[in-house]
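The values are calculated or read from the model by the stated rules, or taken from the named source; none is laboratory data. Being a predicted model, the structure only gives us computed values, none of them experimental. Every residue, glycine as well, gets a Cβ built from its backbone with ideal geometry; the counts of neighbours run over all protein chains shown.
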Amino acid sequence: MTRIEELALAIEEGKLKPVVLLIKEALQEGEAPDKILNEGMIDALGNVGEKYRRGDIFVPEMLLSARAVKKGVEVLKPYLISEQTKTLGTVIIGTVAGDLHDIGKNLVSMMLENAGFQVVDLGIDVSTRKFIDSIMKHPDASLVAMSALLTTTLSAMRETVHALNGQNFRERIHIMVGGAPVTEDFAKEIGADGYSQNAAEAVVLAKRLLGERH
């Protein structure tokens, strides 16, 4: 088993310390930072997402793997910056007003960041005004992601998406939504550009929406 294969396995098993050690060893052995990131970490995270979709693992396991990748990215970052690695784009993310749940949102945030996006996390109970102000503050933002974990806060999601759709900056952003009570039909009904069922799908969706913009 190669060092990168060992790293991928450690990522899938969510082992923080081995991930750091294996990345350092791979770098010492001359492996390219982008190869370590893509083949050893991002691909492994994709496998984790696939296992989650099949029901083989659950959110806690996904969180462990995502955190392992996050730690690995911290180790790799200086080498990636030195190679002038370009981010895929800026995503503004938050849980809508009235909703204090953040586990799903945090997982999506981590996985987007690990996949190469710059993430601006607004946290929980985010008002429509705060979403708008943040988009205006970040003219490079190309995606807005929002979650709702309560049926009672779907109305807040609807109101926020409706408000964003009426802004002048709407042409430069895509809106993606998710959360336990959210469905694809609801996303279309309120005027969002996309819906993801889980964190792994959110990364795929974000990349697809960004591709449509270019």
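Scanning the stretch 21-38 for residues that are hydrophobic (A, V, I, L, M, F, W, C) and surrounded by 18 or more Cβ atoms within 10 Å (Cβ to Cβ), which turns out nearest to residue 103 (Cα to Cα)? Before the answer, list the steps.
Applying the first criterion (hydrophobic (A, V, I, L, M, F, W, C)) to the stretch 21-38 yields 21-23, 26-27, 32, 36-37.
The next check asks that each one be surrounded by 18 or more Cβ atoms within 10 Å (Cβ to Cβ); those that pass are 22-23, 26, 36-37.
Values: 22: 28, 23: 27, 26: 32, 36: 27, 37: 24 Å.
For the stretch 21-38, the residue satisfying everything is 37.
Between 116, 89, 98, which is surrounded by fewer than 20 Cβ atoms within 10 Å (Cβ to Cβ), under 29 Å from residue 31 (Cα atoms) and either touching a Ser or Thr at 6+ places or on another chain (Cβ under 7 Å) or not acidic (Asp, Glu) (or both)? Give the steps one after another, and end with the answer.
Values: 89 fails: surrounded by fewer than 20 Cβ atoms within 10 Å (Cβ to Cβ); 98 fails: under 29 Å from residue 31 (Cα atoms).
Selected residue: 116, the only one of 116, 89, 98 that is surrounded by fewer than 20 Cβ atoms within 10 Å (Cβ to Cβ), under 29 Å from residue 31 (Cα atoms) and either touching a Ser or Thr at 6+ places or on another chain (Cβ under 7 Å) or not acidic (Asp, Glu) (or both).
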(request) Could you please find all residues in the stretch 1-19 being β-branched (Val, Ile, Thr) and buried (at least 17 other Cβ atoms within 10 Å of the Cβ)? (result) 4, 11, 19
(request) May I ask you to verify whether residue 61 is out of contact with any helix residue (DSSP H, G or I) (no Cβ under 7 Å at 6 or more places or on another chain) and touching a residue at least 24 places away in the same chain (Cβ under 8 Å)? (result) yes
(message) So in the stretch 108-125, with the set limited to residues that are at pLDDT below 85 and of a type in the set (Gly, Ala, Ser), which one is farthest from the chain's Cα centre (by Cα)?
(response) 116
(request) Check whether at least one residue in the stretch 39-49 is buried (at least 16 other Cβ atoms within 10 Å of the Cβ), aliphatic (A, V, I, L, M) and modelled with pLDDT of 90 or more, and report yes or no. (result) no
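Before we move on, is residue 121 charged (D, E, K, R), farther than 17 Å from residue 69 by Cβ and without any contact (Cβ under 8 Å) to a residue 60 or more places away in the chain?
Details: charged (D, E, K, R): yes; farther than 17 Å from residue 69 by Cβ: no; without any contact (Cβ under 8 Å) to a residue 60 or more places away in the chain: yes.
Against the criterion (charged (D, E, K, R), farther than 17 Å from residue 69 by Cβ and without any contact (Cβ under 8 Å) to a residue 60 or more places away in the chain), residue 121 does not qualify.
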(request) Scan the helices (runs of 4 or more DSSP H) fully inside the stretch 1-105 and keep the ones with 2 or more residues being of a type in the set (Asp, Glu). (result) 3-12, 43-54, 59-82
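What number of residues within the stretch 101-113 are surrounded by fewer than 23 Cβ atoms within 10 Å (Cβ to Cβ) and either more than 18 Å from residue 71 (Cβ to Cβ) or touching a Ser or Thr at 6+ places or on another chain (Cβ under 8 Å) (or both)?
Of the residues in the stretch 101-113, the ones surrounded by fewer than 23 Cβ atoms within 10 Å (Cβ to Cβ) are 101-104, 106-107, 110, 113.
Now narrow it down to the ones that are either more than 18 Å from residue 71 (Cβ to Cβ) or touching a Ser or Thr at 6+ places or on another chain (Cβ under 8 Å) (or both): 101-104.
Total satisfying the criteria: 4.
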(request) Enumerate the pairs (first residue in the stretch 160-176 and over 14 Å from residue 128 (Cβ atoms); second residue anywhere and polar (S, T, N, Q)) with beta-carbon separation below 8 Å, excluding pairs fewer than 6 apart on the same chain, so at least 6 apart or on different chains. (result) 172/142; 173/142; 174/142; 176/196
